[in-house]
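The values are calculated or read from the model by the stated rules, or taken from the named source; none is laboratory data. What you see is a predicted model, and the numbers here were worked out from it, not measured in a lab. Neighbour counts are summed over all protein chains in view; Cβ atoms, including those assigned to glycine, are modelled from backbone coordinates with ideal geometry.
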Amino acid sequence: MLYCELKQKDVVNRCNCRRLGKVCNLILDEKSGCICSIVVPGPSRCLGLFPSDQEFVIPWNKICKIGPDVILVEICEEDCLCPVKKSGSFFS
């Protein structure tokens with residue numbers, strides 16, 4: 001499966017049937033090249049006008065099933081919610 005196919009799928013938490021969003025990034029093991037985690041944007045603020053300052057980092061072993069349209073995960077959302085790591089920009 002290609003990354004461009006993976007990022008088009010909705011991520012749904014099987015524990016509460018809540019849609020978390022779509023995959024926005026992957027965390028890879030540098031030595032083996034295997035996927036360690038998927039990253040999904042956290043809940044937006046102010047009716048979706050401002051991007052979230054948090055994201056869900058979901059370990060690969062928490063993925064239950066990858067279907068044609070949906071990735072089912074089984075997580076405690078509070079445990080997987082992390083602050084967004086700001087990357088340096090060209091202008092900063």
Review point. Residues in region 74-86: is at least one at pLDDT 95 or above and either among the aliphatic types (A, V, I, L, M) or assigned to a strand (DSSP E or B) (or both)?
Key: yes
Study note, to complete from the structure: Residue pairs within 8 Å by beta carbon, gap of at least six or interchain, first lying in region 32-53 and exposed (fewer than 12 other Cβ atoms within 10 Å of the Cβ) and modelled with pLDDT of 75 or more, second assigned to a loop (DSSP other than H, G, I, E, B) and of a type outside the set (D, E, K, R), listed first then second, are Asp53/Gly42; Asp53/Val84
Revision key, fill the gap. Going through (1) more than 11 Å from the chain's Cα centre (by Cα); (2) among the β-branched types (Val, Ile, Thr); (3) modelled with pLDDT of 95 or more one by one, Ile58 fails only at (1)
Practice item. Take region 21-46 and flag every residue that is closer than 13 Å to Cys82 by Cβ and not in a loop (DSSP other than H, G, I, E, B). Key: Asn25, Ile27, Ser37, Ile38, Val39, Val40, Pro41
Check your understanding: Can you name the residue in region 6-21 that is without any contact (Cβ under 8 Å) to a residue 40 or more places away in the chain and within 10 Å of the chain's Cα centre (by Cα) and is also surrounded by the most Cβ atoms within 10 Å (Cβ to Cβ) among such residues?
Key -> Gly21
